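*Asks:* Sending over a structure as structure tokens; questions will come in a sec.
The values are calculated or read from the model by the stated rules, or taken from the named source; none is laboratory data. Everything quoted here is computed from the prediction, not taken from an experiment. Neighbour counts run over all protein chains shown; Cβ positions are idealised from the backbone, glycine included.
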Amino acid sequence: MIPRRGLLIILSSPSGAGKSTLARRLRDWDPEIEFSVSATTRAPRPGEQDGREYHFVSEAAFKTQVADEGMLEHAHVFGNFYGSPRAPVQAAIDAGRDVLFDIDWQGAQQITNSVLGAHTLSIFLLPPSITELRNRLEKRGQDDAATIARRMEKSWDEISHWGSYDYVLVNDDLDATEDRLKTIIAATRLRRSQQPGLTDHVRALQSEFEDLS
């Protein structure tokens, strides 16, 4: 089998559309799909470990990485910086492992436009309806009414960027959506750009053909 290069798999959706659940299912399906561990300048919370939940770095170190193009994407949120370090992602895809990003449309655009953009696969998940989206947020019982209202207000802005993604799936059935995601990933892994060894293989075939002539 010809070794392949890994993918940067981007999953985005409004809150409540099933993104986190599907991301976990993809990891269960193929353990070689790694979650991207973000870097942040905020202090660790109780129980968090460096390199597991986040890479905890100083603001100066973070800004240096941004200046050196060491971040695939970054943002400033509530007084702290967050971003996706390039080096571990580069190492993973060079080794043929995929890296999964659970990020919003702004982060997705930055990664797509980065130096690793040719190896991205971006997928946006839509809810079957706005009513169902609200129902899902209420049923999971994680947020109070005010937080749900804020998430709903933000949802349309997120949905409005659906057209910038490679694939858009309506998550009306979790199992069916999971199957579609697996099909998309399996096919994209076979893109010519993801198989750097093809050139050498074709050259070997050509040499073998010439030897037979």
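*Asks:* For segment 75-83, state whether one or more residues are buried (at least 22 other Cβ atoms within 10 Å of the Cβ) and within 23 Å of Arg25 (Cβ to Cβ).
*Replies:* No, that holds for no residue.
*Asks:* Could you pull out the residue among Leu174, Leu137 that is touching an Asp or Glu at 6+ places or on another chain (Cβ under 7 Å), touching a residue at least 12 places away in the same chain (Cβ under 8 Å) and either more than 21 Å from Thr120 (Cβ to Cβ) or basic (Lys, Arg) (or both)? Give the derivation first.
*Replies:* On the way: Leu174 fails: touching an Asp or Glu at 6+ places or on another chain (Cβ under 7 Å).
From the options Leu174, Leu137, the qualifying one is Leu137.
*Asks:* Being in contact (Cβ under 8 Å) with a residue 24 or more places away in the chain and among the β-branched types (Val, Ile, Thr) narrows it down to one of Thr188, Thr199, Thr183, so name that one.
*Replies:* Thr188 is the lone residue from the list that is in contact (Cβ under 8 Å) with a residue 24 or more places away in the chain and among the β-branched types (Val, Ile, Thr).
*Asks:* For segment 31-48, how many residues are over 26 Å from Gly6 (Cα atoms), without any contact (Cβ under 8 Å) to a residue 12 or more places away in the chain and not charged (D, E, K, R)? Before the answer, list the steps.
*Replies:* Narrowing segment 31-48 to residues over 26 Å from Gly6 (Cα atoms): 41-48.
Filter once more, keeping what is without any contact (Cβ under 8 Å) to a residue 12 or more places away in the chain: 45-48.
The next check asks that each one be not charged (D, E, K, R); those that pass are 46-47.
Number satisfying all stated conditions: 2.
*Asks:* Still on this structure: Out of segment 1-24, which residues are surrounded by fewer than 17 Cβ atoms within 10 Å (Cβ to Cβ), under 25 Å from Ile159 (Cα atoms) and either in contact with a Pro (Cβ under 9 Å, 6 or more places away or on another chain) or touching a residue at least 24 places away in the same chain (Cβ under 8 Å) (or both)? Quick ask: steps written out before the conclusion?
*Replies:* Keep residues of segment 1-24 that are surrounded by fewer than 17 Cβ atoms within 10 Å (Cβ to Cβ), which gives 1-3, 20-21, 24.
Now restrict to residues that are under 25 Å from Ile159 (Cα atoms): 20-21, 24.
Passing the criteria: Ser20, Thr21.
*Asks:* Quick check: is even one residue across segment 96-116 charged (D, E, K, R), more than 17 Å from the chain's Cα centre (by Cα) and not in a loop (DSSP other than H, G, I, E, B)? It would help to see each step written out before you state the result.
*Replies:* Narrowing segment 96-116 to residues charged (D, E, K, R): 97-98, 102, 104.
Next, only the ones that are more than 17 Å from the chain's Cα centre (by Cα) stay: none.
Looking through segment 96-116, none of the residues is charged (D, E, K, R), more than 17 Å from the chain's Cα centre (by Cα) and not in a loop (DSSP other than H, G, I, E, B).
*Asks:* Taking the criterion of being in contact (Cβ under 8 Å) with a residue 40 or more places away in the chain and of a type in the set (D, E, K, R), would at least one residue in segment 79-95 satisfy it?
*Replies:* Start the filter on segment 79-95 by keeping residues that are in contact (Cβ under 8 Å) with a residue 40 or more places away in the chain, which leaves 80-85, 88-89, 92-95.
Right, trim to of a type in the set (D, E, K, R) and you get 94.
Yes, because at least one residue in segment 79-95 is in contact (Cβ under 8 Å) with a residue 40 or more places away in the chain and of a type in the set (D, E, K, R).
*Asks:* Would you confirm, using the coordinates I've provided, whether Arg24 is in a loop (DSSP other than H, G, I, E, B), modelled with pLDDT under 95, on the phi < 0 side of the Ramachandran plot and not aromatic (Phe, Trp, Tyr)?
*Replies:* no
*Asks:* Filter segment 52-65 down to the residues that are exposed (fewer than 15 other Cβ atoms within 10 Å of the Cβ) and modelled with pLDDT under 95 and list them by number.
*Replies:* Correct list: Arg52, Glu53.
*Asks:* Do we have any residue at all in segment 28-37 that's over 14 Å from the mean Cα position of the chain (by Cα), over 30 Å from Asp175 (Cβ atoms) and either of a type in the set (S, T, N, Q) or in a loop (DSSP other than H, G, I, E, B) (or both)?
*Replies:* no
*Asks:* On to the next question. Could we say that Thr120 is modelled with pLDDT of 95 or more and polar (S, T, N, Q) here?
*Replies:* Details: modelled with pLDDT of 95 or more: yes; polar (S, T, N, Q): yes.
For Thr120, the condition - modelled with pLDDT of 95 or more and polar (S, T, N, Q) - is met.
*Asks:* Taking segment 157-168, which residues are of a type outside the set (Asp, Glu), in contact (Cβ under 8 Å) with a residue 12 or more places away in the chain and assigned to a helix (DSSP H, G or I)?
*Replies:* Listed by number, the residues that qualify are Ile159, Trp162, Ser164.
*Asks:* Tell me, please, whether a residue that is in contact with a strand residue (DSSP E or B) (Cβ under 7 Å, 6 or more places away or on another chain), closer than 19 Å to Pro14 by Cα and not in a helix (DSSP H, G or I) can be found in segment 138-154.
*Replies:* no
*Asks:* Go through segment 169-181 and give me each residue that's exposed (fewer than 14 other Cβ atoms within 10 Å of the Cβ) and part of a helix (DSSP H, G or I).
*Replies:* Scanning segment 169-181 gives Leu174, Asp175, Ala176, Asp179.
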